[in-house]
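Worksheet: the structure to be examined is printed underneath.
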Amino acid sequence: MAEVVVETRSLTKIYRDFWGRKKKTALNALDLTIEKGEIFGLLGPNGSGKTTTIKLLLGLLFPSGGDAFVFGQPAAKVEKNEKIGYLPEESYLYRFLNAEETLDFYGRLFNISSSVREKRAAELIDMVGLSRDKKRILREYSKGMRQRIGLAQALINDPDLVILDEPTSGLDPEGTRWMKDLILDLKKKGKTILMCSHRLEDVQDVCGRIAILHNGDLQELGAVEKLVEDQQRVQIQASGLQLTPALENDLRGVIEKHGGTVVDYGHPKSTLEDLFLRIIEESKARPGRRYLPPTDAAAKS
């Protein structure tokens, strides 16, 4: 069985006012697992519970109900954060430090030795493409450059779990492609990645599984490839022949009759953006709707 890195069981967070009255249910009985080595996407509109979930996993918030576990330990245990790297949507970096000083500072927080800090900082600065700007203070950096150094600080402790909140924010198309390639490379190195993003095409490019939240409720959960399939249509790809009107009106037998070979069967894909918008619209139209996992019998069928 795959090793579970993150697990939530009926995880709930309710914000209350000064008198203890409920103001908002930010997260409602969330159940999910994230396995070692996968890239998991956590999606939802603003206010859906994504950031609350991340803060609960990091131990920055305490749940109102349910449980959260990271590396098999309760999320409230601070020690487990030594194996976590976190890139927030807005990096809280000291803008009067340069890139080298920034990574040295964060390396000290993890009690990394001086020689290892220096070596790892140099490698990370080169990896994120800031070697020519490593002596400039961060105040002079563009948003995209701050995003790159923010990623470097998230990796300074060589974490096993990397949490990325809007990792492509502020990046141009080339930088976005670079970021997605880097995320896939982290997966190849055995890292587990939890990723939040409003850029759904980026999520579709890198994530294996996703969860969609809305108003604190889990609305959908599963493999991206499966969720974006259009089950109402079947697509056939063929090679070795030209498309003719006769082929458009016939099925497999006619393709073979004309000397072609059916090379693939499957369901055509929509986009993750289409799926996301449909799920949110359904959630708005049906208040109280929640994702329910299939029964064992249904899953086997």
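The values are calculated or read from the model by the stated rules, or taken from the named source; none is laboratory data. From a predicted model like this one, the values you see are computed outputs, not experimental measurements. Here Cβ is always computed from backbone atoms with ideal geometry, including for glycine, and neighbour counts include all displayed protein chains.
Observations, loosely collected:
Residue by residue, here is whether (1) modelled with pLDDT under 90; (2) farther than 19 Å from SER169 by Cα; (3) not hydroxyl-bearing (Ser, Thr, Tyr); (4) not assigned by TED's automatic domain parsing to the domain that holds ASP160 holds:
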residue	(1), (2), (3), (4)
LYS55	no, yes, yes, no
GLU101	no, yes, yes, no
ARG108	no, yes, yes, no
MET127	no, no, yes, no
SER131	no, yes, no, no
ARG136	no, yes, yes, no
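- Matching residues in segment 273-301 - criterion: being modelled with pLDDT of 85 or more, surrounded by 13 or more Cβ atoms within 10 Å (Cβ to Cβ) and over 21 Å from the mean Cα position of the chain (by Cα): GLU282, SER283
- Segment 22-72: number of residues that are assigned to a loop (DSSP other than H, G, I, E, B) and in contact (Cβ under 8 Å) with a residue 24 or more places away in the chain: 13
- If you go through segment 152-195 and keep only what is in contact (Cβ under 8 Å) with a residue 24 or more places away in the chain, of a type outside the set (A, V, I, L, M, F, W, C) and assigned to a loop (DSSP other than H, G, I, E, B), you end up with ASN157, ASP158, PRO159, ASP160, GLU166, PRO167, THR168, SER169, GLY170, ASP172, GLY190, LYS191.
- Conditions (1) surrounded by fewer than 20 Cβ atoms within 10 Å (Cβ to Cβ); (2) under 24 Å from the mean Cα position of the chain (by Cα); (3) free of Cβ contacts under 8 Å to residues at least 40 places away in the same chain; (4) in a helix (DSSP H, G or I); number of the one not met by LEU124: (1)
- Of the residues making up segment 143-164, none is among the acidic types (Asp, Glu), farther than 20 Å from LEU186 by Cα and in the same structural domain as ASN46 (by TED's automatic domain parsing).
- Restricted to segment 196-272, the set of strands (runs of 3 or more DSSP E) holding at least 3 residues that are among the hydrophobic types (A, V, I, L, M, F, W, C), assigned by TED's automatic domain parsing to the domain that holds ALA29 and modelled with pLDDT of 70 or more comprises 209-214, 217-223.
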